[in-house]
Amino acid sequence: MTGNLTLLTDFYELTMMQGYFKNQTNETVVFDAFYRNNPSGSGYAICAGLEQVIKYIKELNFDYDDIAYLRSLNMFDEDFLDYLAGFHFTGDIYAIPEGTVVFPMEPLVKVVAPIMEAQLVETAILNIINHQSLIATKASRVCFAAQGDPIMEFGLRRAQGPDAGTLGARAAVIGGCAGTSNVLCAKEFQIPALGTHAHSWIMSFPDELTAFRKYAELYPTNTTLLVDTYDTLRSGVPNAIKVFSELKEAGKMPSAYGIRLDSGDLAYLSKKARQMLDAAGFTDATICASSDLDEYLIDSLKTQNAAINSWGVGTNLITSKDCPSFGGVYKLAAIKRNGEFIPKIKLSENTWKITNPGNKTIYRIYDKETNKIKADLISLVTDTIDPTKPLMLFDPIATWKKTLLQPNTYEVREILIPIFQNGQCVYESPSVMDIQAYCKKEQSTLWDETRRLINPQEVYVDLSNNLWNIKNDLLSSLNSI
Ligand SMILES: Nc1ncnc2c1ncn2[C@@H]1O[C@H](COP(=O)(O)OP(=O)(O)OP(=O)(O)O)[C@@H](O)[C@H]1O
Ligand SMILES: O=P(O)(O)OC[C@H]1O[C@H](OP(=O)(O)OP(=O)(O)O)[C@H](O)[C@@H]1O
Ligand SMILES: O=C(O)c1cccnc1
């Protein structure tokens, strides 16, 4: 994402902005960016994209060209365009750090700002957070299926454009991929650049053996040979073994070496290849597989005892093919009047689509003994929790379902933290590899039942007593209209 992104917004944000400007109703408001369903049937999501949101907010500025373009639309008056020419973000932003495990209905980003500013930034915040959280979540699932084997992100060529390929690869690494074949992403975010070689390399030589020898000569420290161009078991693997044997004899054994399978029955071929490599003494050769993989295929191959210990995953990961959107929304939750936040609610026929009103935060409650998440409690910012006291949690819809947490058996962490205050950034994004390490720890706070790929157990996202009361009162008052 390069260049001035200030116009990366929906037209209606600008027409509404002009309306607020004309009515002089630039009140401070609270907007929450949250999502309603975990993608891909997952029991959780991984939030990502905050670094790009921060960059976008810092760089917000309508330049001369932007103003001239808006003027040319004959929709905006000069006084509003003058305001835009001097525009910068002056509000507060709170967010859940990248790499955190998150659940439906939780504000991933909260904007507290004059309504004109808060309205403008809706689209870009959703665009960035929705995309990267989608891919980070998918990557987390793919990595979970691989049970600790490294996953190389290979998706750039079939990603939905350069940004999706590059920021998607960044998100994939946050979610757990070992690195990416996308060189621009690797450079930009200091991520390992990884890869093997293509069939074209083999096909450009008169024969497979010569192609393997040349590749091994060129890359003596990391030699992965693609063995499926002609005949995996009759030609590819035997030729790879021949080259590895030659290197061994010459005392030039690479520190990392192996083969890549890219077609056929990956379980059968990997087991046969393993036997052949082991019989030749190459027990530490890596067997990498690629070919339209996703979390379900990797899981299936694991169940089939495939002898694969490294994976290349492209299209299905970078496009999140089974679930192409994250579904995050941005809703007005409160308006500040006379120094006080007045809660606002959006009704819906679907109970679970009704928004949570007020200026909120999120407390994550951990079981003290296991450090696993017990529940998340969406609360008012004025709510506090004292873990030395009992805490009653209740299902916000089926309110009779309750759990009483005993004093000193749980721990609490506020997961929504300040990012901008009065327009100034107060948060420094960690490196992507540090976010990956944090994300790994985050995933260890999930119960196994929540991590499983199919029909996972949902994590409880409850409302504090005070928030529940406010919501209920608002619903009752609206119902009596
Ligand atoms: N043992 C296996 N169990 C389940 N799925 C597998 C297994 N082996 C391979 N697959 C998957 O089956 C699909 C095979 O696709 P397909 O037959 O179209 O192509 P291919 O074998 O890769 O050959 P080519 O690349 O030559 O078209 C891929 O998605 C691959 O990941
Ligand atoms: O299947 P994916 O998960 O998207 O993983 C990436 C795929 O991209 C490459 O194939 P491609 O046919 O594009 O090029 P190649 O000639 O190198 O095989 C690679 O060989 C993988 O099969
Ligand atoms: O390096 C590789 O093997 C690679 C890179 C991109 C796509 N497929 C494979």
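The values are calculated or read from the model by the stated rules, or taken from the named source; none is laboratory data. It should be emphasised that the depicted structure is a prediction, and the values quoted were computed from it without experimental measurement. When we count neighbours, we look across all protein chains shown, and the Cβ atoms used for this are built from the backbone with ideal geometry, even at glycine.
Results, tabulated for the structure shown:
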{"read-out": "Test for residue 290: is it in contact (Cβ under 8 Å) with a residue 60 or more places away in the chain and either within 15 Å of ligand 1 (Cβ to nearest atom) or not assigned by TED's automatic domain parsing to the domain that holds residue 452 (or both)", "value": "yes"}
{"read-out": "Single match in 208, 249 (criterion: among the acidic types (Asp, Glu), on the phi < 0 side of the Ramachandran plot and out of contact with any helix residue (DSSP H, G or I) (no Cβ under 8 Å at 6 or more places or on another chain))", "value": "249"}
{"read-out": "Residue among 245, 204, 200, 235 that alone is within 14 Å of ligand 3 (Cβ to nearest atom) and surrounded by fewer than 23 Cβ atoms within 10 Å (Cβ to Cβ)", "value": "200"}
{"read-out": "Qualifying residue in the stretch 82-90 (condition: surrounded by fewer than 19 Cβ atoms within 10 Å (Cβ to Cβ), in contact with a strand residue (DSSP E or B) (Cβ under 9 Å, 6 or more places away or on another chain) and closer than 22 Å to residue 164 by Cα)", "value": "no"}
{"read-out": "Residue satisfying all of: in the stretch 185-214; assigned to a loop (DSSP other than H, G, I, E, B) and in contact (Cβ under 8 Å) with a residue 24 or more places away in the chain; farthest from ligand 2 (Cβ to nearest atom) among these", "value": "190"}
{"read-out": "Entirely in the stretch 282-368, the strands (runs of 3 or more DSSP E) that have 3 or more residues that are closer than 30 Å to residue 247 by Cβ", "value": "286-289, 310-313"}
{"read-out": "Residues satisfying the stated conditions in the stretch 128-169, i.e. among the charged types (D, E, K, R), more than 14 Å from ligand 2 (Cβ to nearest atom) and part of a helix (DSSP H, G or I)", "value": "141, 163"}
{"read-out": "Residue pairs meeting the criteria (Cβ under 6 Å; at least 6 apart or on separate chains; first surrounded by 13 or more Cβ atoms within 10 Å (Cβ to Cβ), in the stretch 459-481; second in a helix (DSSP H, G or I) and of a type in the set (S, T, N, Q))", "value": "459/450"}
{"read-out": "Filter result for the condition that a residue is within 16 Å of ligand 2 (Cβ to nearest atom), assigned to a helix (DSSP H, G or I) and polar (S, T, N, Q), over 270, 263", "value": "270"}
{"read-out": "Scan of the stretch 260-270 for residues that are within 16 Å of residue 240 (Cβ to Cβ), out of contact with any strand residue (DSSP E or B) (no Cβ under 9 Å at 6 or more places or on another chain) and either without any contact (Cβ under 8 Å) to a residue 24 or more places away in the chain or not polar (S, T, N, Q) (or both), ordered by number", "value": "264"}
